[in-house]
Amino acid sequence: MVERIIFKGKKAINWKDVKKYLENYINASFEINETADIIHIGKDMPDEYTGSKYTYSLRGSNAKAKANAVQGIPEIIRIAHGKYHRDNSGKKHKRKAANGWYRYDSYFVLPVYGQSGGIERYNVFHCSLIIRHANDGKMYLYDIIDIKKETSNSFRFQNLT
């Protein structure tokens, strides 16, 4: 769960600030609870996270959600589930993702502040982690995409712990 909103009240996201925040994660590794897979953060992740076609297509609350999700990357990775493999079919990533791609589902929670400045409620967002399986045998977080606010009343918070 993200405890504070970095980009609260801003009309446009300064993706350079987000990229700078992400650079703190370079060379870090986190384990997925469900599979015990170790996910590494490589040097290319901040550029892809902030400069992908998906990121440029985001507007409004989904852009703010992706920007603020950077604070919870360790937890987003830890609670990921539903591992799905896809072979690398494009020439662009032939070397970087020699062993293909993985996609995991995950969630993150952002606070919603009321007029008094206190937390009024929390919004839950579903997302997909894109993981590249490199020729060095390691798995690297490449991007977080498909960010959507969870609207179902059936969402259970125990999925987050």
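The values are calculated or read from the model by the stated rules, or taken from the named source; none is laboratory data. Note that the structure is predicted; figures quoted are calculated from it, not measured. The area values use the complete protein model at the heavy-atom level, side chains included, leaving out ligands, DNA and RNA. Shrake-Rupley method; radii C 1.70, N 1.55, O 1.52, S 1.80 Å.
Can you give the accessible area per residue of segment 22-81, in Å², using a 1.4 Å probe?
Counting only protein heavy atoms, the per-residue value for segment 22-81 is 45 Å².
For segment 25-91, give the percent of accessible area contributed by carbon and sulfur heavy atoms, probe 1.4 Å, rounded to a whole number.
For segment 25-91, the apolar C and S fraction of the accessible surface comes to 48 percent.
Keeping every protein chain present and rolling a 1.4 Å probe, give me the accessible area per residue for segment 95-138 in Å².
Result: 48 Å² per residue.
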